[in-house]
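What follows is a short report on a single structure.
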Amino acid sequence: MLRGTAHGVFEAWIDGEPVSRGVLAPGWSAYEWRLPVQEYDVLSLVRDGSRFDVLVGNGWWRGKLGFEGLGLDYGEAIGFIGELELTYEGGQIQRLSTGPEWQARTAPVSANSLYDGVRIDASAASRSLGVTVREIDRSALVPQIKPPIERQEVRAPVAIWTSPSGNALVDFGQNLVGWTRLRVTGPVGTEVTLRHAEVLEDGELALRPLRSARATDTYVLSGRDDVFEPTLTFHGFRYVEIAGFPGELGGDAIEAVVVHSRMPRTGFFECSDARVNRLVENSVWGQKGNFLDLPTDCPQRDERLGWTGDIAVYAASACYQFDCADLLHSWLLDLRAETEHAGYVPFVVPNVLKLAPREALGAHAGILGPTAIWGDAAAWVPEALWWAYGDSNRLAEHYPALVVHLESILPRLSENGLWDTGFQFGDWLDPTAPPERPLAAKADSGVVATACLYRTALFAASAADELGLDEDRGRWEELARRTRDAFRRHYVEADGRIRSDAQAVYALAIRFGLLDASEAALAGARLARLVEEGGFRVATGFAGTPYVTWALTETGHVSTAYRLLLEDGLPSWLYAVGMGATTIWERWDSLLPDGSVNPGEMTSFNHYALGAVVDWLYQCVAGIRPAAPGYSRVHLEPTPGPGLDWARGTLRTPHGVVECGWRRERDSVIAIECVVPDGVEADLHLPDGSLRVLRSGTHEVSVKEEAGR
């Protein structure tokens with residue numbers, strides 16, 4: 001058995017054979033408290049005289065991380081610690097551990113950076129290095145929980161041509177995350193350079209969205225047949241520019257290697273509109289690219305951080321699309337460690353920003369502290385995991401961070417019980433906000449924060465009840481009651497209008513259950529009117545977007561929700577699809593109608609947060625929801641609407657595969673088909689308002705479609 005970890009990242013071989021398929025191990029974690037130890041069964045590789053080699057790179061440890069030139073490192077030196085444990089037939093155990101007797105030498109990789117790329121010199125001779133033994137805090141060593149980062153698939157070019165500047169451009173047809181594998185033969189010392197980008201502008205790579213990240217790999221040829229693969233970095237790209245390639249570049253010389261954490265696909269959705277199907281695939285690809293060891297905001301520019309707000313709103317979608325139980329559980333343990341250290345949920349986890357001198361953070365230093373949505377990741381991500389997988393032991397591990405989050409908010413509440421003080425991201429990236437003012441949303445930030453506090457307090461009470469913490473349950477129930485009362489008293493008018501009269505505030509108030517029945521009906525009608533007056537264009541940012549179609553549906557405005565989904569003008573979900581997007585964009589208009597890149601300094605073409613509408617497609621349009629944690633009982637409620645002729649979803653749950661779908665037939669008849677796994681019952685809520693209890697097996701029901709929904 002081989003065990004190992006690193007300050008940095010490593011790959012290991014025995015007699016030239018890799019010990020695993022994994023790359024970039026041990027990934028990124030809250031290194032000060034949690035340094036994961038990888039464990040590999042290498043019995044089939046070890047023999048007398050075997051040679052053990054380890055390649056160590058900078059990774060996230062010495063990665064010059066951050067944005068706006070922060071250049072943050074965890075340490076100055078990288079290194080590997082490991083042991084090979086051999087158990088003989090007689091029961092004897094021998095351990096060969098790293099130490100001063102090990103030998104070190106230079107590798108062909110002469111430079112490596114996650115943001116900037118690598119330089120590999122296949123012509124250079126290896127030279128010996130001294131071995132330095134350093135102390136390590138062994139209390140931080142923890143078993144590996146999260147799945148390994150691996151090569152997942154390979155994609156061939158769809159087109160190769162010459163750019164206006166005279167370099168070769170390669171299009172892989174899909175915005176992806178990973179690297180390229182290059183096969184090349186040429187004179188020794190020849191340099192070949194590859195630059196990566198997500199989109200083109202004026203026929204060339206659009207590099208401005210990368211900010212300071214170079215995203216460039218350089219290869220020096222050996223003079224023989226070379227195969228280059230830069231496994232100590234990763235890029236977010238669809239296009240690659242190649243300079244210096246000897247001879248003609250053919251499609252067999254280069255391929256894209258898709259890299260992300262191992263996570264089996266569990267959920268699928270398809271419908272009669274190919275644009276919506278592409279939207280769902282864009283969400284899937286966004287999750288692939290941003291679930292490389294941890295849930296990140298983006299995979300391409302000088303950032304790639306575990307922003308808590310993005311995954312807070314996307315966690316339910318993530319858990320439908322892939323089995324990400326272990327990845328998100330491990331990340332939540334990092335969140336707990338960072339939260340207990342900081343006293344509040346940091347904006348990013350791992351909290352690399354804590355390494356920055358206060359003066360380096362500039363204006364950002366004054367906004368550090370508890371925030372709604374971003375901080376609510378301590379509740380909303382465990383909530384998504386709880387409903388998707390139903391693991392109470394893991395819920396217990398996540399609960400302490402939730403407590404710290406709520407207790408960090410309480411001193412900041414106003415005397416009236418509202419969370420309307422301090423910095424808030426609010427409805428971040430409201431489409432009406434100017435490119436350089438993403439905070440300038442229509443929705444009142446106090447309304448958003450107070451609504452989020454109510455949802456989080458409710459889940460805290462539910463979690464405490466599940467864990468048998470009666471005193472805590474009562475405490476959080478009382479906080480939820482006070483918050484709801486304060487919200488209705490100060491923010492809701494008699495005619496149902498909510499302060500700031502923005503789509504986002506209605507979406508949150510309805511979806512989170514802050515209103516009584518009559519208020520919800522008025523709020524739903526007002527929300528529908530705002531959507532109609534806005535030409536069915538999206539008018540929400542990070543806060544409201546995941547919930548606006550839900551809120552419309554729950555208040556009886558199904559047709560309005562469908563029209564909002566199917567609108568293709570700017571801003572809308574389908575605008576990006578029409579512009580050729582293959583992932584979810586950070587901004588509604590990351591690419592402008594004329595094909596130019598949004599002028600904002602912060603523009604990514606692979607951010608999954610605004611794709612959280614797919615949760616509504618999975619759970620509402622197709623109708624597959626958990627009726628009990630882990631889908632031990634299933635809630636089926638397919639919701640037909642105008643613009644689609646059929647839709648269906650499939651989900652592999654801990655109890656088996658669930659399927660649900662519908663199709664239109666003649667005479668306004670809706671045919672509904674469901675599959676319920678063995679040992680499970682499902683509650684089928686039909687469009688006509690009736691309820692049927694289904695046992696395991698395949699079922700088909702036909703009902704008349706209600707007019708005017």
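Kindly establish whether ARG511 is in the same structural domain as GLY286 (by TED's automatic domain parsing), modelled with pLDDT of 95 or more and farther than 30 Å from VAL276 by Cβ.
no
What number of residues in region 133-181 are under 18 Å from TRP61 (Cα atoms) and part of a strand (DSSP E or B)?
3
Against the condition more than 34 Å from the chain's Cα centre (by Cα) and not in a loop (DSSP other than H, G, I, E, B), how does LEU86 come out, does it pass?
In short, yes.
For region 47-66, which positions are under 12 Å from ALA25 (Cβ atoms) and assigned to a strand (DSSP E or B)?
VAL54, LEU55, VAL56, GLY57
Among the residues of region 532-553, write down those that are of a type in the set (Val, Ile, Thr) and farther than 8 Å from ALA504 by Cα.
VAL538, THR549, THR553 - these are the residues of region 532-553 that are of a type in the set (Val, Ile, Thr) and farther than 8 Å from ALA504 by Cα.
Against the conditions (1) of a type in the set (A, V, I, L, M, F, W, C); (2) surrounded by 22 or more Cβ atoms within 10 Å (Cβ to Cβ); (3) out of contact with any Ser or Thr (no Cβ under 7 Å at 6 or more places or on another chain); (4) closer than 30 Å to GLY390 by Cβ, where does PHE459 fall short? Just the number, please.
Just one mismatch for PHE459, condition (2).
List the number of the failed condition for PRO411; all other conditions in (1) modelled with pLDDT of 95 or more; (2) within 24 Å of the chain's Cα centre (by Cα) hold.
Evaluating PRO411 over (1) modelled with pLDDT of 95 or more; (2) within 24 Å of the chain's Cα centre (by Cα) leaves (2) as the failure.
So which residues in region 386-418 are free of Cβ contacts under 8 Å to residues at least 60 places away in the same chain and surrounded by 14 or more Cβ atoms within 10 Å (Cβ to Cβ)?
ILE409, ARG412, LEU413
In this structure, does VAL227 turn out to be in contact with a helix residue (DSSP H, G or I) (Cβ under 9 Å, 6 or more places away or on another chain), of a type in the set (Val, Ile, Thr) and within 18 Å of VAL170 (Cβ to Cβ)?
no
Exactly one condition in (1) without any contact (Cβ under 8 Å) to a residue 40 or more places away in the chain; (2) under 30 Å from ARG183 (Cβ atoms) is not met by GLY130; state its number.
(2)
Find all pairs meeting these conditions: Cβ atoms under 6 angstrom apart; at least six residues apart or on different chains; first residue within region 238-263 and over 20 Å from SER165 (Cα atoms); second residue crowded, with 17+ Cβ neighbours inside 10 Å and aromatic (Phe, Trp, Tyr).
Filtered contacts from region 238-263: ALA256/PHE172; VAL257/TRP179; VAL259/PHE234; HIS260/PHE291; SER261/PHE291; MET263/PHE322.
Within region 206-224, which residues are assigned to a strand (DSSP E or B) and either among the polar types (S, T, N, Q) or surrounded by fewer than 23 Cβ atoms within 10 Å (Cβ to Cβ) (or both)?
THR216, THR218, VAL220
Scan region 97-110 residue by residue and report those that are assigned to a strand (DSSP E or B) and in contact (Cβ under 8 Å) with a residue 24 or more places away in the chain.
Residues satisfying the conditions are ALA104, ARG105, VAL109.
In region 504-515, how many residues are in contact (Cβ under 8 Å) with a residue 60 or more places away in the chain and closer than 10 Å to ALA443 by Cα?
The total comes to 2.
Determine which single condition VAL227 fails, assuming it passes every other condition in (1) crowded, with 16+ Cβ neighbours inside 10 Å; (2) assigned to a strand (DSSP E or B).
It fails just one condition, (1).
Could you list all residues from region 390-412 that are out of contact with any strand residue (DSSP E or B) (no Cβ under 9 Å at 6 or more places or on another chain), under 22 Å from ALA318 (Cβ atoms) and not basic (Lys, Arg)?
ASP391, SER392, ASN393, LEU395, ALA396, GLU397, HIS398, TYR399, ALA401, LEU402, HIS405
Cβ contacts < 7 Å: first residue not assigned by TED's automatic domain parsing to the domain that holds ARG563 and part of a loop (DSSP other than H, G, I, E, B), restricted to region 633-649; second residue crowded, with 18+ Cβ neighbours inside 10 Å and of a type in the set (Phe, Trp, Tyr), any location; separation 6+ or different chain. Result?
Qualifying pairs under 7 Å: PRO638/TRP662; PRO640/TRP662; GLY641/TYR562; PRO642/TYR562; GLY643/TYR562.
Within the group ALA647, ALA628, ALA612, which residue is aliphatic (A, V, I, L, M) and surrounded by fewer than 17 Cβ atoms within 10 Å (Cβ to Cβ)?
Exactly one residue qualifies, and that residue is ALA628.
What's the number of the condition LEU385 fails, among (1) in a helix (DSSP H, G or I); (2) at pLDDT 95 or above; (3) in contact with a helix residue (DSSP H, G or I) (Cβ under 7 Å, 6 or more places away or on another chain); (4) farther than 25 Å from CYS620 by Cα?
Of (1) in a helix (DSSP H, G or I); (2) at pLDDT 95 or above; (3) in contact with a helix residue (DSSP H, G or I) (Cβ under 7 Å, 6 or more places away or on another chain); (4) farther than 25 Å from CYS620 by Cα, only one is false for LEU385: (4).
Please go through (1) within 23 Å of TYR239 (Cα to Cα); (2) touching a residue at least 12 places away in the same chain (Cβ under 8 Å) for LEU592 and return the number of the only condition it doesn't satisfy.
(2) is the only condition that LEU592 fails.
Under the condition of being farther than 19 Å from LEU210 by Cβ and in contact with a helix residue (DSSP H, G or I) (Cβ under 8 Å, 6 or more places away or on another chain), which residue from region 153-183 is surrounded by the fewest Cβ atoms within 10 Å (Cβ to Cβ)?
Per the criteria, the residue is ALA156.
Can you tell me which residue in region 543-586 is farthest from the chain's Cα centre (by Cα), limited to those that are of a type in the set (Gly, Ala, Ser), part of a loop (DSSP other than H, G, I, E, B) and under 28 Å from ARG238 (Cβ atoms)?
Among those residues, the one meeting the criterion is GLY569.
What's the total number of residues in region 182-191 that are among the polar types (S, T, N, Q) and part of a strand (DSSP E or B)?
1
Within region 690-698, is there a residue that is assigned to a strand (DSSP E or B), surrounded by 15 or more Cβ atoms within 10 Å (Cβ to Cβ) and in contact with an Asp or Glu (Cβ under 6 Å, 6 or more places away or on another chain)?
no
Test ALA77 against the stated conditions and say whether it is outside the structural domain of HIS364 (by TED's automatic domain parsing), touching a residue at least 60 places away in the same chain (Cβ under 8 Å) and exposed (fewer than 15 other Cβ atoms within 10 Å of the Cβ).
yes
The values are calculated or read from the model by the stated rules, or taken from the named source; none is laboratory data. The shown structure was predicted, so the numbers you read here are calculated from the model rather than taken from an experiment. Neighbour counts are summed over all protein chains in view; Cβ atoms, including those assigned to glycine, are modelled from backbone coordinates with ideal geometry.
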